[in-house]
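S.K.: One structure, pasted below without further comment.
Nothing in this text is a laboratory measurement; each read-out follows from the coordinates by a stated rule. Values in this document were obtained by computation on a predicted structure and should not be read as measured data. When we count neighbours, we look across all protein chains shown, and the Cβ atoms used for this are built from the backbone with ideal geometry, even at glycine.
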Amino acid sequence: MLHITDQQISELLDYRSVAAALEQAFHDMAHGEAAVHGRQRTDCAGMKLSTMGAIWPGQGVAGVKVYPTVGGQFSFAIVLFDLKSNTPIAVLDGNELTRFRTAAMTALVASKAAKPASRKLALFGAGLQGRSQAQALCEIFSFDEVCVVDPLADPHWCEWLQGVADVPVRVTSAQDAVRDADIVVTATRSSQPVFNGDWLSPGVFIAAIGTSTPKGRELDDLTMLRAARIIVEWKPQSLVEAGEIVLWDGQRDIETFVDLPQLFRADEPWQADKQAITVFKSVGVGLSDVATAHLALSRARAGLAQPAVEAGS
């Protein structure tokens, strides 16, 4: 049984390939060839142990991610099983894998639900995940401007992104960032909304990825109310975990929400119309982890690796 480290995963994966693997996994789920094992959390003495996973007969693999939460910090590991032999085949460190799959998921959904000619990106939170979100999106959109809202944003990273993406990157206020933005990403640990929904322009795509608990939210009620389409990964998990939904005062009927299996079955369109506001609320589901881990394992077995790129280096 292989052990694949975070360092190896950072060399094996790239955002575009992960996005393609996620697309295949959720397409298969939409057609009965994959299923999600929902997140389970156990609390004790101020600490948590969580598990989540998926079975993917379409690729002959199943897996589970397990992670403790101690002092607000996570540590992830993923175990993969071969369904043909019914044996464990790999253990993967999950920190880098989680970073890649979260950013690639935003890029995948944005590629289908955001305006193709999106020119301005507003990024709330320039920590590890926020930086990954920006990098993944800059690989598929030709932005004219990236506005970062984070008082602790690393100026060296801003310079690095400006260089690799060939786009001006500047730290701004929340209102300046959101004004006229085509894509807004929130990647913070905030438990309160980080901007006013009244600032949003028609046709904007918003991805909220910073929290997966029902007790915190990055988007306010007005943002949710103005959205013509609210996309989630998988309704059974998302509708009970997403604080933006659980804490929404006056939440609309459940038919307002669509999930990825519906979209990949073509039951619903990705965009309501070009001027409609679209929200993508991500909490992370186990199928994303299994699909990304399967890609990393396949590349490790083939001896393939991507050049390691460290943001800000």
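S.K.: Given the convex hull of the Cα atoms of the stretch 112-164, what is a quarter of its surface area in nm²?
M.R.: With the hull built on Cα positions only, its mean projection is 3.6 nm².
S.K.: Using unit Cβ charges (K, R positive; D, E negative) and no other charged atoms, how large, in debye to the nearest 20, is the dipole of the stretch 1-122 about its Cα centre?
M.R.: About 560 debye.
S.K.: A 27 angstrom limit on the alpha carbon distance is what I want to check against. Which of Lys120/Lys235; Lys115/Lys215; Lys65/Lys281 exceed it?
M.R.: Lys120/Lys235; Lys115/Lys215
S.K.: Output needed for the stretch 143-189: three equivalent-ellipsoid semi-axes, defined as square roots of 5 times the C-alpha gyration tensor eigenvalues, in descending order, whole Å.
M.R.: Over the Cα atoms of the stretch 143-189, the ellipsoid semi-axes are 17, 14, 9 Å.
S.K.: Quick one: longest stretch of the chain between exposed loop trypsin sites (Lys or Arg not before Pro), exposed meaning at most 16 other C-beta atoms within 10 Å and loop per DSSP?
M.R.: Values: sites that count: Lys84, Arg119, Arg179, Arg189, Lys215, Arg252, Arg265, Lys274.
After excluding every exposed loop site, the longest remaining stretch is 1-83.
S.K.: Taking every pair of distinct Cα atoms and averaging 1/r, then inverting, what Kirkwood hydrodynamic radius in Å comes out for the stretch 63-165?
M.R.: Evaluated over the stretch 63-165, this radius sits at 15.8 Å.
S.K.: With a ≥ b ≥ c the root eigenvalues of the C-alpha gyration tensor of the stretch 111-281, is it rounded (a/c under 1.5), prolate (a/b larger than b/c) or oblate?
M.R.: prolate
S.K.: For the chain, what is the convex hull volume of its Cα atoms per residue in Å³? Walk me through the numbers before you get to the answer.
M.R.: On the way: hull volume 39.4 nm³, N = 313.
It is 126 Å³ per residue.
S.K.: May I ask you to derive the FRET efficiency for Thr42 and Val164 from their Cβ-Cβ distance with R0 = 45 Å, giving the value to the nearest 0.05?
M.R.: Using R0 = 45 Å, I get an efficiency of 0.65.
S.K.: With Cβ to Cβ distances under 14 Å as the rule, what net charge do the other residues near Ala30 carry (K, R +1; D, E -1)?
M.R.: It works out to a net charge of -4.
S.K.: Given the DSSP H assignment, sum -39500 (n - 2.57) over each helix run of at least 4 residues in the chain and divide by its residue total; what's the result at 222 nm in deg cm²/dmol, nearest 500?
M.R.: -10000 deg cm²/dmol
S.K.: Let me ask something else about it. Restricting to DSSP loop positions (anything but H, G, I, E, B) with no more than 15 other Cβ atoms inside 10 Å of their own Cβ, which GluC sites (Glu not before Pro) remain in the stretch 12-114?
M.R.: Here the GluC sites (Glu not before Pro) that fit, given the DSSP loop and packing criteria, are Glu33.
S.K.: Follow-up. Positive end of the charge dipole of the chain (Lys, Arg +1 and Asp, Glu -1 on Cβ, about the Cα centre): tell me which of Gly286, Val109, His156 has its Cα farthest that way.
M.R.: Gly286
S.K.: Counting pairs of alpha carbon atoms under 8 Å apart in space and at least six apart in sequence, what relative contact order in percent does the stretch 111-281 give?
M.R.: In percent, rounded to a whole number, it is 22.
S.K.: May I pose another question? Nearest-5 percent of antiparallel DSSP beta bridges in the stretch 111-281? Please report the intermediate quantities before stating the final value.
M.R.: Values: 0 of 28 bridges.
Roughly 0 percent of the beta bridges in the stretch 111-281 run antiparallel, per DSSP.
S.K.: Taking the Cα centre of the chain as the origin and placing charges on Cβ (Lys, Arg +1; Asp, Glu -1), which of Gln192, Val64, Val146 is farthest toward the positive end of the dipole?
M.R.: About the Cα centre, the residue reaching furthest to the positive side is Val64.
S.K.: Thinking of the stretch 201-313 as a set of Cα atoms, what percent of all their pairs are more than 25 Å apart? Can you show the working numbers first?
M.R.: Working: 2178 of 6328 pairs.
Roughly 34 percent, once rounded to a whole number.
S.K.: Also, quick follow-up: Taking the DSSP beta bridges in the chain as the whole, what percent of them are antiparallel, to the nearest 5?
M.R.: 50 percent
S.K.: Grab the beta carbon distance between Asp221 and Thr172, set R0 = 25 Å, and tell me the FRET efficiency rounded to 0.05. Don't skip to the answer; put the middle values down first.
M.R.: Details: r = 24 Å, r/R0 = 0.97.
So the FRET efficiency works out to roughly 0.55.
S.K.: Take Asp273 and Thr213, extend 7 Å from each Cα along the Cα→Cβ direction, and tell me the distance between the two endpoints in nm.
M.R.: 4.0 nm
S.K.: When N is the residue count of the stretch 82-141, what does its C-alpha Rg come to as a fraction of 2.2 N^0.38 Å?
M.R.: Taking the Cα Rg and dividing by 2.2 N^0.38 Å, one obtains 1.49.
S.K.: Radius of gyration and Dmax for the stretch 3-131's Cα atoms, expressed in Å?
M.R.: Final numbers for Rg and Dmax: 16.3, 49 Å.
S.K.: Determine the gain in length on full extension of the stretch Ala266-His156; use 0.36 nm per residue of separation and subtract their C-alpha separation, reporting nm with one decimal.
M.R.: The span from Ala266 to His156 would gain 35.3 nm if fully extended.
S.K.: Taking the stretch 165-240, how much of its Cα-Cα pair set, in percent, is spaced more than 18 angstrom apart?
M.R.: Values: 1230 of 2850 pairs.
Percentage above 18 Å: 43.
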